[in-house]
Amino acid sequence: MKPARTSRGVLNRNRYLGFAAPSVMVMFAIMIFPLGYAVYYSLFAYKLGREPTFVGLGNYVNLLTDRGFIGAVRFSIVFTLVTMIAQVVLGMAIALLMENVGRSRKLLSILIYLPYFISATASGIIFRWIFMSDWGLLSQVLSVFHISSPSWFDDPNWAQLAVVLVEIWQNTPFAVIIFYAGLQAVSSDQMEAAAIDGAGAWRRLWHVTIPNLRHLIILVITIRYMDAFRIYDRIAVMTGGGPGDATESVSLFAYRTAFTNLHLGKGCAAGVLILIMLAIPVSALLKLMRNAEAD
Amino acid sequence: MKRITSAVAGFAVLITLTACGDEQPQTEGTNESAAPVTLHLLSHTYASLEYYAGQLEAKAPEGVTVEAEMTNYSDWQEKMRLNLASGSDSYDITYITPQDVAEFAANGWLEPLDDFVEKYRDEYDFDDIPEYLWEAYSYEGHIYGIPSHQWAMILFYRTDLFDESGLDVPETLGQLVDTAKSMTADGRSGITLTLAAADMLMVTYQSFLTATGGWFWDDAYKPQFSSEASLTAIDYIMDLYEYTPADSSTYTNNEAVVAMGQDLATMALLQTTRSSAMDDPEQSIVVGKVGFASAPSLTVGGPSAAIWNTAGYSIPKDSAQDKELIFRTIANATDKQSSAGGVESSMPCRESVLTEDLLDGRSDYAAAWKAIQSGATLRPTIPEFGEIMEISMTALSSVITGQAEARTAMEQVDKEVEAVLKDAGYYN
Amino acid sequence: MNSDRHKLMRRASLAGLIGVAAISVIPFYYVFTIASKTPAEAFSASFQVFYKITWDNFRQLWVDDNFLDYFVNSMIVTAASMIVSVPLATLAAYGLIRHESRFSNRLLNSMLALRMFPPMLLLIPYFLLADTLHLTDTYTILVLIIVASNQPFAVWLMRGFLITLPKELDEAARIDGCGLIKTVTHVILPLSMPGIGTAAIFTFLLSYNEYLFALVLTGKKTMTLTVAVGKYAAEELIYWCTNAAGVVSIIAPICVVMVLLQKWLVKGLTAGAVKG
């Protein structure tokens, strides 16, 4: 819906762009150099302190045939999908429960949001202690009920489950906050109309509530997707990527390549590939959101 | 509304101005006699390093103040690398290990200290520090660091449990496995090892490799991870793994110290830097019950399953301060008096401090000294070793946790490591 | 009968929420016990629920290590980040919504690129930038980078709120004689206050917990709390307990801030979020 093309109209529109100028300038000024630097050096074989040698797409070819990189991508994709779906479903469920409760909501909600307030590193350390055999909290609690705790860190599958669980624990509140607010705005008229029409609680949920929250769901999915895919701190602290490389995410791989193996160029190339792997689905999700808003 | 907006804007401007105003020159003149000088230290931290940082601060020469910034190892490495690579003069003294000396010196980031060592040889009695230590801090014939302390892997064991059972402290690897097996009882493992990839696992792997007489590569730098010696070492580790606490594959020093100190393990293969924790009632419930011995060898009399390592201080080449002044500051903090004072928390480097008396009083240092003399090895100091460690230990971790078979995995490691060394020009 | 079902649903919901709250809180209880015990007690194979609290670890942080200095640094960086980031994002969101073109859409989308790149690979270029401009160990560079990293999310968040404000509002203000600036300050801003509160809270969390860039860009003068606590990440058993005390010390102010701002949070998202 474009405003009329009077000379005054065009002038006014550009002033709006002026409002965005400071933010955009800060963003791109701080963004362009680092991203440019990374993309530039991704085309070189570069060890910090030595002379870089141009290798063109060599790093990229290397990565796409690197077993470690492919394994990391596979793990990251599964990790992202599982945690994303869990956070959306749990977030919605908790938000709905909060709808049904009266005054106790205030205290309970702060407690429920707590996990989101600490850093990923902090949650990593805490849960490493919790999951540790023998003296960890979980193992001791389970032994009270005579259940033997699995070796969370020795077994690749349990280790993967552990990092997934902590991610869900820490970031579900993000979804809860957003969904709960969204629920406040679902028109009570629509809800009443549905109730009068005889729709039960489940029907109302499925046909009225969720469709109205469609684009918030997509927003949460988009943000969580980008963040879960790039996870680094918590896994580095909790499992170090182990056992073996069972929990090595793509960011962990990129970090090791760049800073432990000292292949800076290859690490930057991994970063660029990660960006591409995120840009494609995110653009699709954003398009979906715009379509949802247009309705 | 308007007032709030202008107040906010004003506040923002104020903050920015304050921030800009906070920029003061980091270092002052290089006039060593008159103007006061501040030297900035960046260091890793544990008990011994805290002690020596304190010594740097306390024994700085006239007119010199040392400001210490302590972090954990990986943050130290990250931050120091960035500063050195960009030629920044933010730090004048840095904590250093032989492995980091190799990487930094290879990039031309450290100040060579040969001339100063010569000049001050008598004043600080540098001959008191054995040759093998000076060599550890050298790269291509030049010295780049001053040693402060050292340590080695030794066997920790529960004197009370051994007395009870009547078993002897194991002297060979075979005996170690048998003892670990018989000592494994309800709620208590026979032994605890540090097996977290990559750094701690390398410490353990290299220790066993030392005992079986193997090495990472042969004289032509061809990788030997699938050699018989290496596979034997791995076999012993896997045999012992059976008798370690659950989750051992992720154990770092702290977890192993907890296992030993909480009566969850009978023996441990750990560094001397952790021995004092055993007798600290705030850290352990087995005070007075832990003894120390040299780690077992393959056969009686052979090299102990031990590595040794050391830490010291270096001078960044781009520091803007007078290098000789910095050298003297470091030398003061690592002289005989400081070394003697640091004995509590770590093994000294100076022979005059590492006396018979000391060894009599500290069985852990005695065990370590024995290991060092019998052939304990130092982690390789080639710049490529970080990558080699990553490749090999990730694979070994998979082997230990049953995700891969030892021989095939190590043969694959040999191939990959060979490619790394080839790229780095070792085969020309 | 309907009200009985209602009551049942309320009770069940309450029970469910209490369960969720318990799962959220128990790890915090655990880390507090580790922070207030000696290592021998904290990592014991027989966990003691009742024990004598030791304040040594907290004393180590707050007294011996001068944590107040680091706390002040964190507060300065966080406050500055919030003060700069939120207005910038609000104006940008408003401008881009009203500008309404494919260009502004493309701009909005491309902003997210920064959030798609592994942050640790940006360490070196950021450090080089800071070093070249002689801004290492200053608040300025850290605030700048935090603001820039936060803008994409903040702009998108404010966009979500402002997009529900109809254009008629602008026109009404215009008719009443307000210029563009006045429209913004007198009409738009007051209505988007709740959204601003939300963006402020997310900015607060982001900059307060910032570690990676704070590590390499700060030195002795500007070191933030998170970096100072990071010193205790590993190498001594005692450090584990000190680290736990650090985690508890760091989260305490957040809880206070959140309790105060919680009113805003709900109202904020409520007013702005969805189409009716």
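Put simply, of B:255, B:282 the only residue that is free of Cβ contacts under 8 Å to residues at least 60 places away in the same chain and outside the structural domain of residue B:44 (by TED's automatic domain parsing) is B:282.
Candidates in the stretch A:175-192 are the residues that are surrounded by 13 or more Cβ atoms within 10 Å (Cβ to Cβ) and among the small types (Gly, Ala, Ser); of these, the one that is modelled with the highest pLDDT is A:175. Taken over the stretch B:373-388, the criterion of being closer than 21 Å to residue B:303 by Cβ and either over 17 Å from the mean Cα position of the chain (by Cα) or crowded, with 23+ Cβ neighbours inside 10 Å (or both) is satisfied by B:373, B:374, B:375, B:376. Could you list, in sequence order, all residues of the stretch C:37-52 that are in contact (Cβ under 8 Å) with a residue 24 or more places away in the chain and more than 7 Å from chain A (Cβ to nearest Cβ)? Correct list: C:37, C:38, C:39, C:42. The helices (runs of 4 or more DSSP H) found entirely in the stretch B:236-345 that carry 2 or more residues being away from chain A (no Cβ under 14 Å) are B:323-333, B:336-341. Considering the stretch B:139-169, the residues that are acidic (Asp, Glu) and in contact (Cβ under 8 Å) with a residue 12 or more places away in the chain include one that is farthest from residue B:343 (Cα to Cα), namely B:140.
One line per residue, one yes/no per condition, for (1) in a loop (DSSP other than H, G, I, E, B); (2) more than 7 Å from every other protein chain (Cβ to nearest Cβ); (3) without any contact (Cβ under 8 Å) to a residue 40 or more places away in the chain; (4) farther than 30 Å from residue C:200 by Cα:
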position: C:19; (1), (2), (3), (4): no, yes, yes, no
position: C:25; (1), (2), (3), (4): no, no, yes, no
position: C:91; (1), (2), (3), (4): no, no, no, no
position: C:97; (1), (2), (3), (4): no, yes, no, no
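Residue-by-condition table, conditions (1) touching a Ser or Thr at 6+ places or on another chain (Cβ under 8 Å); (2) over 25 Å from residue B:106 (Cβ atoms); (3) free of Cβ contacts under 8 Å to residues at least 12 places away in the same chain; (4) in a helix (DSSP H, G or I):
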| site | (1), (2), (3), (4) |
| --- | --- |
| B:368 | yes, yes, no, yes |
| B:380 | no, no, no, no |
| B:393 | no, no, no, yes |
| B:407 | yes, yes, no, yes |
| B:412 | no, yes, no, yes |
| B:425 | no, no, yes, no |
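For the stretch C:131-146: of the residues being away from chain A (no Cβ under 11 Å) and in a helix (DSSP H, G or I), which is modelled with the lowest pLDDT? Filtering first and then ranking leaves C:131.
Give the stretch B:127-138 a look and list any residue that's over 20 Å from residue B:366 (Cα atoms) and without any contact (Cβ under 8 Å) to a residue 40 or more places away in the chain, or say none.
B:127, B:134, B:135, B:138, listed by residue number.
Taking the conditions (1) part of a loop (DSSP other than H, G, I, E, B); (2) without any contact (Cβ under 8 Å) to a residue 12 or more places away in the chain; (3) over 21 Å from residue A:251 (Cβ atoms) in turn, residue C:233 satisfies each one other than (3). Taking into account only those residues within the stretch C:152-167 that are in contact with a Ser or Thr (Cβ under 8 Å, 6 or more places away or on another chain) and part of a helix (DSSP H, G or I), which is surrounded by the fewest Cβ atoms within 10 Å (Cβ to Cβ)? Of everything passing the filter in the stretch C:152-167, C:162 is surrounded by the fewest Cβ atoms within 10 Å (Cβ to Cβ). Where the second residue is β-branched (Val, Ile, Thr) and surrounded by 14 or more Cβ atoms within 10 Å (Cβ to Cβ) and the first is touching a residue at least 60 places away in the same chain (Cβ under 8 Å) and lies in the stretch A:55-78, which pairs have Cβ atoms under 7 Å and are six or more apart or on separate chains? Pairs found: A:72/A:250; A:73/A:250; A:75/A:247; A:76/A:250. Can you tell me which residue is nearest to residue A:117 (Cα to Cα) among those in the stretch C:1-17 that are more than 8 Å from every other protein chain (Cβ to nearest Cβ) and among the charged types (D, E, K, R)? For the stretch C:1-17, the residue satisfying everything is C:11. Taken over the stretch A:47-65, residues that are within 14 Å of chain B (Cβ to nearest Cβ) and of a type outside the set (Val, Ile, Thr) amount to 9. Here B:209, B:240, B:195, B:201 are screened, and the one residue that is surrounded by 24 or more Cβ atoms within 10 Å (Cβ to Cβ) and more than 26 Å from residue B:283 (Cα to Cα) is B:209.
With respect to residue C:124, is the statement that it is buried (at least 21 other Cβ atoms within 10 Å of the Cβ) and more than 8 Å from chain A (Cβ to nearest Cβ) true? Spelling it out, it is not the case that residue C:124 is buried (at least 21 other Cβ atoms within 10 Å of the Cβ) and more than 8 Å from chain A (Cβ to nearest Cβ).
Conditions tested, residue by residue: (1) modelled with pLDDT under 90; (2) part of a helix (DSSP H, G or I).
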{"position": "A:3", "(1), (2)": "yes, no"}
{"position": "A:28", "(1), (2)": "yes, yes"}
{"position": "A:63", "(1), (2)": "no, yes"}
{"position": "A:99", "(1), (2)": "yes, yes"}
{"position": "A:111", "(1), (2)": "no, yes"}
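Only a single item in (1) in contact with a His (Cβ under 9 Å, 6 or more places away or on another chain); (2) within 30 Å of residue A:258 (Cα to Cα); (3) modelled with pLDDT under 90 is not met by residue A:24, and it is number (1).
Remark: pairs (first residue in the stretch A:31-46, more than 10 Å from chain C (Cβ to nearest Cβ) and in a helix (DSSP H, G or I); second residue among the charged types (D, E, K, R) and surrounded by 21 or more Cβ atoms within 10 Å (Cβ to Cβ); Cβ separation under 8 Å; 6+ apart in sequence or on different chains) are absent. Among the candidates A:152, A:135, A:129, the residue that is over 19 Å from residue A:232 (Cβ atoms), facing another protein chain (nearest Cβ under 8 Å) and crowded, with 23+ Cβ neighbours inside 10 Å is uniquely A:152. Counting only helices (runs of 4 or more DSSP H) that sit wholly inside the stretch A:201-295, those with at least 1 residues that are closer than 30 Å to residue A:96 by Cβ are A:201-204, A:214-229, A:233-238, A:264-294. The criterion of being within 12 Å of another protein chain (Cβ to nearest Cβ) and either over 20 Å from residue C:239 (Cα atoms) or assigned to a loop (DSSP other than H, G, I, E, B) (or both) does not hold for residue B:209. From the list C:192, C:149, C:207, the lone residue that is in a helix (DSSP H, G or I), among the polar types (S, T, N, Q) and away from chain A (no Cβ under 12 Å) is C:192. Looking only at residues that are touching a helix residue (DSSP H, G or I) at 6+ places or on another chain (Cβ under 9 Å) and more than 7 Å from chain C (Cβ to nearest Cβ) in the stretch A:19-30, which one is nearest to residue C:179 (Cα to Cα)? Among them, the one singled out is A:21. Exactly one residue out of A:160, A:170 is closer than 18 Å to residue B:196 by Cβ, touching a residue at least 12 places away in the same chain (Cβ under 8 Å) and out of contact with any His (no Cβ under 6 Å at 6 or more places or on another chain), and it is A:160. Number of residues in the stretch C:216-237 that are at the interface with chain B (Cβ under 7 Å from one of its Cβ atoms) and either closer than 30 Å to residue B:262 by Cα or among the hydrophobic types (A, V, I, L, M, F, W, C) (or both): the value is 8.
The values are calculated or read from the model by the stated rules, or taken from the named source; none is laboratory data. Since we're looking at a predicted model, the values are computed, not measured. Ideal geometry is used to build each Cβ from the backbone, glycine not excepted, and the neighbour counts take in all protein chains shown.
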